[in-house]
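S.K.: Got a structure here, written out as structure tokens. Questions coming.
The values are calculated or read from the model by the stated rules, or taken from the named source; none is laboratory data. Keep in mind that this is a model prediction, so the values were computed, not measured. Reconstructed Cβ throughout: ideal geometry from the backbone, glycine too, with neighbour counts over all protein chains shown. We work out accessible area using only protein heavy atoms, side chains counted, and drop any ligands, DNA or RNA first. Shrake-Rupley method; radii C 1.70, N 1.55, O 1.52, S 1.80 Å.
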Amino acid sequence: MSQPNPDATIGFIGLGAMGAPMAERLCAAGHALAVYNRSPAKAEPLVTRGARRAATPGDACAPGGMVLSIVADDAALEAVTLGPDGLAARLGRGGLHVSMSTIAPATARRMAEAHAAHGSLYLAAPVFGRPDAAAAGKLRIVCSGPDAAKARFLPLVPAIGVDHHDFGAEVGAANVVKLAGNFMIATAIEALGETLTFVGKNGIDRSAVAKFFGDTLFACPVYRGYGAQIAEERWSPAGFRLMLGLKDVKLALAAAEESGVPLAIGSLLRDRFLASIARGDGELDWSAMALGAARDAGLA
């Protein structure tokens, strides 16, 4: 007699701007899902497509099965994993939790230890890409953790991403890489904000300059996409909220401090984000941090 497949239904926790399109793509690829979101209404489009609505994070999991989570921050991850009706106890022996959130490396290590106590595995697999990339299945996934966890997760990658990159067995490594990437993007946003303020105040078309650099010296998605967005002042709808940018920069600064690494630009970025939030810009796209340079130049 064949054994039941514990991954026949995959749990999916977190249906925000990133999680919802990722879950939609898994459904479209033929995977059965049990979905949970703190605001139940966000699960409705997926339930319409055949997913099962879970009442709690634990209810989204099958014992020994696999669950993916992508939530806003460390506190939310700990709540859905270790809180009342959390997923860790429900997964139990043989289970796998794939955490795709942007969190502190230290939190990832705590989660791995908590799952090990229940006999299950934890894989860090944060993603690079905005909601439009998630909807198109063009996310880039970085992962770290046990090889057995990676092998089990790998069949899902084609539905949600263009590739995956393995950063070893130490479970916090992928989160260090994710924070490093977001730190570099925030640095690029600051550089673009200052540059386009500089050319704009000298009477030069900001969009033309952004296109020139995005097509030549800085021909990459970050400079091309954010350059156009800043030049055109497109701050809404937010692909990634400014207040979450502050969260990630603070996580990067904390992780760097633990490693004995100064991040001098990180302190500037933190202050830019804090000033933007104090002015009421926290719900705008994080590229709105570039307004700080304009304000400093008397252009706002």
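S.K.: If you take every residue apart from Asp59 with its C-beta less than 15 Å away from the C-beta of Asp59, what net charge results, scoring Lys and Arg +1 and Asp and Glu -1? Kindly include the intermediate steps, with their values, before the conclusion.
M.R.: Values: positive: Arg38, Arg52, Arg53, Arg90; negative: Asp85.
Result for the local shell: +3.
S.K.: List the extent of the Cα atoms of segment 1-73 along each of their three principal axes, largest first, rounded to whole Å.
M.R.: For segment 1-73, the Cα extents along the three principal axes come out at 42, 24, 18 Å.
S.K.: Rounded to the nearest 20 Debye, what is the dipole magnitude of the chain about its Cα centre when Lys and Arg each give +1 and Asp and Glu each give -1 at the C-beta? Walk me through the intermediate numbers first.
M.R.: Working: 28 positive and 28 negative charges, 92 e Å.
So the magnitude is around 440 debye.
S.K.: Using a 1.4 angstrom probe on heavy atoms only, work out the carbon and sulfur share of the accessible area of segment 138-213 in %.
M.R.: Details: 2340 of 3470 Å².
Heavy-atom surface of segment 138-213 belonging to carbon and sulfur, 1.4 Å probe: 67 percent.
S.K.: OK, next. Would you list the membrane-span-like helices of the chain, meaning whole DSSP H runs whose alpha-carbon atoms span at least 27 Å along their axis and whose mean Kyte-Doolittle value is at least 0.5? Walk me through the numbers before you get to the answer.
M.R.: Details: long enough: 173-201 (42 Å, 0.90).
Qualifying helices: 173-201.
S.K.: Quick one: if the Förster radius is 41 Å, what FRET efficiency do Glu257 and Val47 give, using the C-beta to C-beta distance and rounding to 0.05? Don't skip to the end; give the middle numbers.
M.R.: Working: r = 43 Å, r/R0 = 1.06.
Computed FRET efficiency for Glu257 and Val47: 0.40.
S.K.: Now, a different point. Note down the relative contact order for segment 174-300 as a percent, whole number, built from C-alpha pairs under 8 angstrom at least six residues apart.
M.R.: Numbers: 152 pairs, mean separation 43.4, N = 127.
For segment 174-300, the relative contact order is 34 percent.
S.K.: Between Ala8 and His165, what is the FRET efficiency for a Förster distance of 35 Å, r being their Cβ-Cβ separation, to the nearest 0.05? Show your work: numbers first, answer last.
M.R.: On the way: r = 28 Å, r/R0 = 0.80.
Efficiency for this residue pair is about 0.80.
S.K.: What net charge do the residues around Ala186 carry, taking every other residue with its C-beta under 15 Å from that of Ala186, with Lys and Arg at +1 and Asp and Glu at -1? List each step's numbers first, then the result.
M.R.: Working: positive: Arg130, Lys178, Arg241, Lys247, Lys250, Arg270, Arg272; negative: Glu190, Glu194, Asp248, Asp271, Asp281, Asp285.
In short, +1.
S.K.: Can you give me the pair-distance distribution of the chain, C-alpha pairs, 10 Å bins, whole percents?
M.R.: Per 10 Å bin, starting at 0, the Cα pair percentages come out as 6, 27, 32, 21, 10, 3, 0, 0.
S.K.: Taking N as the number of residues in segment 121-168, what value does Rg over Cα atoms divided by 2.2 N^0.38 Å take? Show your work: numbers first, answer last.
M.R.: Working: Rg = 10.5 Å, N = 48, 2.2 N^0.38 = 9.6 Å.
Normalised by 2.2 N^0.38 Å, the Cα Rg of segment 121-168 equals 1.10.
S.K.: Of Tyr223, Ala238, Ile204, which is farthest on the positive side of the dipole of segment 186-256, counting Cα position, with +1 on Lys and Arg Cβ, -1 on Asp and Glu Cβ, and the Cα centre as origin?
M.R.: So the residue we want is Ala238.
S.K.: Using the Cα centre of segment 174-300 as the reference point, and only Cβ charges (+1 on K/R, -1 on D/E), how large is the resulting charge dipole? Debye, rounded to the nearest 20.
M.R.: Details: 13 positive and 14 negative charges, 17 e Å.
Rounded to the nearest 20 debye, it is 80 debye.
S.K.: Are there trypsin sites (Lys or Arg not before Pro) in segment 230-294 that DSSP puts in a loop and that have at most 16 other Cβ atoms within 10 Å, and which ones? Write out the running numbers ahead of the final one.
M.R.: On the way: sites: Arg234, Arg241, Lys247, Lys250, Arg270, Arg272, Arg279; in loops: Arg234, Arg279.
Taking segment 230-294 and a limit of 16 other Cβ atoms within 10 Å, the loop trypsin sites (Lys or Arg not before Pro) found are Arg234, Arg279.
S.K.: Over all pairs of distinct alpha carbons, what does the Kirkwood formula give as the hydrodynamic radius of segment 240-285, in Å?
M.R.: Values: mean 1/r = 0.0930 Å⁻¹.
Taking every pair of different Cα atoms in segment 240-285, averaging 1/r and inverting gives 10.8 Å.
S.K.: If the reach is capped at under 17 angstrom between alpha carbons, list the lysines near Lys138, excluding any in the same chain fewer than eight residues apart.
M.R.: Hits, sequence-local ones excluded: Lys178.
S.K.: How much of the DSSP bridge set in the chain is antiparallel, in percent, rounded to the nearest 5? Could the numbers behind the result be given before it?
M.R.: Numbers: 4 of 27 bridges.
Within the chain, antiparallel bridges account for around 15 percent of the total.
S.K.: Sequence gap at least 6, Cα distance under 8 Å: using those rules, report the relative contact order of segment 69-213 to the nearest whole percent.
M.R.: Numbers: 221 pairs, mean separation 27.7, N = 145.
Worked out over segment 69-213, it gives 19 percent.
S.K.: Return one whole number: the accessible area per residue of segment 168-285 in Å², for a 1.4 Å probe.
M.R.: Details: 6000 Å² over 118 residues.
Result: 51 Å² per residue.
S.K.: Send over the Kirkwood Rh of segment 171-300, from the inverse of the averaged 1/r over different Cα pairs, rounded to one decimal Å. Please list the in-between numbers first.
M.R.: Working: mean 1/r = 0.0667 Å⁻¹.
Result for segment 171-300 stands at 15.0 Å.
S.K.: Return the Rg/Rh value of segment 76-118, two decimal places, where both radii are evaluated on C-alpha atoms and Rh is the Kirkwood radius. Present the calculation step by step, with values, prior to reporting the outcome.
M.R.: Numbers: Rg = 9.7 Å, Rh = 10.5 Å.
Using only Cα positions, Rg/Rh for segment 76-118 is 0.92.
S.K.: Dipole size in debye (nearest 20) for segment 125-204 around its Cα centre, Lys and Arg Cβ +1, Asp and Glu Cβ -1?
M.R.: Values: 7 positive and 7 negative charges, 36 e Å.
The calculation lands at about 180 debye.
S.K.: Going by Cα centres, segment 102-122 and segment 157-213 are how many Å apart?
M.R.: 28 Å
S.K.: Estimate the FRET efficiency between Ile265 and Ala75 by the formula 1/(1 + (r/R0)^6), using the beta-carbon distance for r and 30 Å for R0, to the nearest 0.05. Let's see the in-between values first.
M.R.: Numbers: r = 26 Å, r/R0 = 0.88.
Given R0 = 30 Å and the Cβ-Cβ separation, E is 0.70.
S.K.: Set Lys and Arg Cβ to +1 and Asp and Glu Cβ to -1, take the dipole of segment 22-174 about its Cα centre, and tell me which of Gly94, His31, Pro131 lies farthest positive.
M.R.: Result: His31.
S.K.: How far is the Cα center of segment 4-60 from the Cα center of segment 259-280, in Å?
M.R.: 35 Å
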